[in-house]
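Working notes for the structure below.
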C-alpha cells in the first residue's frame, strides 16, 4: 500500500438505514429544540419538568380545555414522523419530453411520496390543491399500516406477494367512520405543510360529510390564524327533484396560507363585460366611468348633513343611512367633477369611479359560480375530450373542472415565476391539464407535481387510476401543442411552454439492507459486497441519490464518458455520480478535473462501493479528490 493511502481516511459509505430514508422529522425537531432550550436535555432525552419550568406560564396544566382528538391521532402523528425507506424509480418510456420537462407525475401512495419529497421540495411549493376522498362511504380509503406503510403499498400494487391482501371502502356503518378518514388525512396534511413556501397557499375540496372535521384538522396543522376563507363552489346548476330534503348544488374549498402574513392573494382578471359597464355620457376628459352611491349604512360621525344639487334641490341621507364621506370631502369631489347629479342635475348624487383609476383586477368573492368555474359535468367533458372510455359512466363521478383549478391558480400563483403546484390526490390529472393550459394562455412558467395511487378501476380501458392520469396528461400535451401552434409562433426553445412530464414510481430502496441470515452467512456476506438490488439500473440509483441529497427531481442531468466510464453530472457539478465498475485512478483524476472545469461552489461525488478496480484505487480516491477541493466523497 502506498504512503498516500496510509495517510488518508477511509471513504465514507452511505448507510441504507440512514441515507436511504427520507428525513427523520422527530430528530430534526429535537435538534431545533436543543438549539433553543439546551438546558432541558439530560443524557440525550427531554426533561419535561425542566421544559415546564423553562416555558413557565405558557404551559397549559388544566385537564378541562378545548381539544380536537380522535382514536388513533397519536399513531397518525407518529406515521407522519416516521421516515420512508422507499425511493422513486424513473420511467422515461412513460414520460413526455423527459430530458427537458420540469413537471412530475409520481405513481404511488401519497403518504410515502410526501415523505420522500421532504428534502427536495422543503418550502418550495407555492400552491397545493387537493381533492381528497369526501368520505361518502364509497371511496377508497388509503391502506395505512402504521408499522410499515411502504410494505403495505408494495403488497397492494403486487410488487411483493400480497398474501390475500385486500382494501375496502370506508363504510358509514363503521364505528370509526370519521376516525378512519382523519387518520388518513392527518399525516398527509402534516407533511404537505412542510413543502409549502412561507407565501404559499393550500386549497382543499370537500363537502358536508367532513368539512367541519377538515377545518379542525387544518386549524391544528396550519394554525387557526392562517385560515383564509371557505369558498362555496356551485358544482351543478340544475335542481334534483329526487332530493329527499334539499338539492345539494355546491362543494366547499377550504383555504389556508402557510403564513398568512406572507401570502398575498392576487386579483382576478377584469372581464370585458365589467369594463363595458363604464361609459362617458358627459364626455369627461378622464375617460369612461361608473358610479357608486354616496350613502352608506355605517355611521362614522360626519355623515349627517344636507347636500344641495346644482338645480337647488336639497338631499339628506335616507332614514337609516348616512353620507359615506364628510361634507368637506364631498365638496372637494364635486369641485373636481367627480359627483354625478344625473343628466338634468336633479338626481340623487353619486360618486364617479373612472376606469383609468380602477384596480387592474377584481377582488374574488367566496361564491364561485358555475359560469366562471365550471361544474362536475364540465369536468367530465374535459376528461372525455382528452381520452375515450368504453364505459364513461364507470369513471370519476365528481371530477373537478379545469376552469375551477385555473381560478385557484390565478389567485395563488404568479405567471412570471416558476411556481410549483402540488396535487397529491391527482385523480384524472385535471391539475396538470390546467397548469399546461394556463401557462399557454398567459405565458407562465408554473410547474406541477402530481401524485396518484395506482388504485384499481372497474373500467375495461385502464387498469388503474394512475394509468388514466398518465393517458390524460399525454393527450393534453398533444392537444394543447396543436391548439397553440398558431397563436404562439416563432418561440425559441427557452420560450416554449413546458408540455411534458417525468413519470416516477414509488418502490423499495435500490440499496440492500444488511440482513444477517446466520443460516446462510456465506451467501449473506456475498450479497453485502454488491449492495444494489438486482434488476435496478444506474438511473434508478441516481434518482434515489437526488432524493438523498435533496435535489430537484427535474434537475438537468448530463452524462459524460470519463476514461471509458459513464459519469453523471447533476446541477452543473453540484453532484457527480459514477456507478460504473472497474474504476481506476485515471477515472478518479478525470472526475477531479471537473471541479476546475465546472466551478461549482460545492461538489459532492458518489461511487459504487464495489465499483473500484481494487482496494488501492478506492483508498486513494478520497485524497485525490480532496486535493482538487472535493471533500464530500461517498460510496454506496
Exercise for the section: Please work out how much length the chain gains when fully extended from residue 384 to residue 613, using 0.36 nm per residue of separation minus the C-alpha to C-alpha distance, in nm with one decimal. Expected result: 76.8 nm
Handout entry: Cβ-derived FRET efficiency at R0 51 Å, residue 372 paired with residue 12, nearest 0.05
Key = 0.35
Handout entry: Residues of the stretch 288-305 with amide N under 13 Å of the 7 Å Cα→Cβ point at residue 328
Key = 302
Completion exercise
FRET efficiency (residue 362, residue 93; Cβ distance; R0 45 Å; to 0.05) is 0.50
Practice task
Along Cα→Cβ, 7 Å out, is where each label goes; now give me the distance between the ones at residue 321 and residue 264 in nm to one decimal.
Solution key: 3.5
Handout entry: Inter-label distance for residue 555 and residue 293, nm, one decimal - labels placed 7 Å from Cα along Cα-to-Cβ
Key = 6.0
Completion exercise
For the stretch 512-635, averaging the sequence separation of alpha carbon pairs under 8 Å that lie six or more residues apart and dividing by its residue count, the contact order in percent is 19
Handout entry: Theoretical FRET efficiency, 1/(1+(r/R0)^6), r = Cβ-Cβ of residue 33 and residue 119, R0 25 Å, to 0.05
Key = 0.75
Handout entry: Kirkwood hydrodynamic radius of the stretch 272-356, Cα pairs, Å
Key = 13.7
Completion exercise
Mean Cβ-within-10 Å packing, highest first, puts peptides 552-558, 241-247 in the order 552-558, 241-247
Exercise for the section: From zero up to wherever the largest Cα-Cα distance of the stretch 512-635 sits, split into 5 Å bins and tell me the percent of pairs in each. Expected result: 2, 10, 21, 21, 19, 13, 7, 4, 2, 0, 0
Problem - Length-normalised contact order for the chain - Cα pairs under 8 Å, 6+ apart - percent - result: 20
Practice task
Using all C-alpha to C-alpha distances in the chain, build P(r) with 20 Å bins and read off the rounded percent in each one.
Solution key: 15, 41, 30, 11, 3, 0
Handout entry: Spacing of the two label points (7 Å from each Cα toward its C-beta) at residue 632 and residue 225, in nm
Key = 3.4
Exercise for the section: With a 10 Å radius around each residue's Cβ, average the other Cβ atoms per peptide and rank 396-409, 589-602, highest first. Expected result: 396-409, 589-602
Handout entry: Sum of -39500 (n - 2.57) over DSSP H runs of 4+, divided by residues of the chain (222 nm, nearest 500)
Key = -9500 deg cm²/dmol
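Bear in mind these aren't lab numbers, they're just calculated from the coordinates by the rules spelled out. Worth saying up front: this structure is predicted, and the values here are computed from it rather than measured. Positions of Cβ are generated from backbone atoms using ideal geometry, with glycine treated the same way; all protein chains shown enter the neighbour counts.
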